[in-house]
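For reference, the structure is listed below as C-alpha cells.
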Amino acid sequence: MAEQPHSFDKTYWDDIWHGDRAMAMAAGQPNPHLIREIGDLAPGTALDAGCGAGTEAIWLAAHGWEVTAADISADALARATEKAAEAVVSDRVRWVEADLSTWEPDARYDLVTTHYAHPAMPQLEFYDRIASWVAPGGTLFIVGHLHRGSHGDGSAHGHGHGDHVPPASASATAGAITSRLDPARWDVSTAHESQRTVVGPDGKESTIHDVVVKAALRQ
C-alpha cells in the first residue's frame, strides 16, 4: 500500500494530541539512548526540540539541566507542565509553544536534543536547523526514526507511535545525518542504527528502529 503523505503541521499534531494515541505518547519513559549518551555530560543549558509531553525534558531537568522545551502542540505542553509539577522540576523547565520549522531561539545551548520530532519541513533540514542552535563546545543529540526503505514489515517506530509507522520523509539514516555535519566544526562520537522492543500501556510489544547521532561542536 502506498504511504500516505503527512504534513506534520500544527493541525496534524493537534489531532494527534487530541486522539487515542495521546495517552500512550505521554506515558512513555525517558528515551534510553538519552540516558546512556547524555547521562555523563556536565549539566548546562538544554533545548528539547519537539518535546511532546516532556518526558526527556523532565529527565534532563531532574539531572541538573536548565531546559527550554519547545513543541507546536498546546495540548502536549499542557500534559508536560503537569508532569513537570509532579516531578518537582517546574523551576528548571521553560515550555515554549513553537513551530520548529520557523521558530528561532533567543540563545544557543550546551545541549540541543530531539526525539522523533517531525516538523513541517524536510527531516534533514530540520536537523540542520537544530544543529545551528548548539553553542560552541556544546552537544547535538538526535534520536530519530531509522529510514529502512519500504516499511512493509509492519514494524512500529517511535516514541509512543504504536502501530502508526512514520513515512520515509520523517526518517533518516546515521550516514545521511552525519554527512551534513561539517567535520571541520563537528566531532561525531555516536552514529548508529539500532532496534529495540518496547511494551506499550496495553501490554502490546512493538519494535522500534532508531537512528542515533551525537556530535560536539568545536569551540
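What follows draws every value from the coordinates through simple rules; no lab data is involved. Small disclaimer: the values here were computed from a predicted structure and weren't measured. Ideal geometry is used to build each Cβ from the backbone, glycine not excepted, and the neighbour counts take in all protein chains shown.
Specify the inter-centroid distance of the range 104-142 and the range 48-62, based on alpha-carbon positions, in whole Å.
Taking the Cα centre of each part, the range 104-142 and the range 48-62 sit 14 Å apart.
What's the magnitude of the charge dipole for the range 33-107 around its Cα centre, counting Lys and Arg as +1 and Asp and Glu as -1 at the beta-carbon? Answer in Debye, nearest 20. Could the numbers behind the result be given before it?
Values: 5 positive and 14 negative charges, 45 e Å.
Roughly 220 debye, rounded to the nearest 20.
Points 7 angstrom from Cα along the Cβ direction at residue 40 and residue 196: gap in nanometres?
1.7 nm
Taking the simple approach of a point 7 Å from Cα along Cα-to-Cβ for both residue 187 and residue 107, what is their distance in nm?
Output for this residue pair reads 2.4 nm.
Using the per-residue mean of other Cβ atoms lying within 10 Å as a proxy for protection, in what order, highest first, do the peptides 192-198, 177-183 fall?
177-183, 192-198
What is the extension gain from residue 88 to residue 205, computed as 0.36 nm multiplied by their sequence separation minus the C-alpha to C-alpha distance, in nm to one decimal?
Values: separation 117, 0.36 × 117 = 42.12 nm, distance 3.10 nm.
Here the answer is 39.0 nm.
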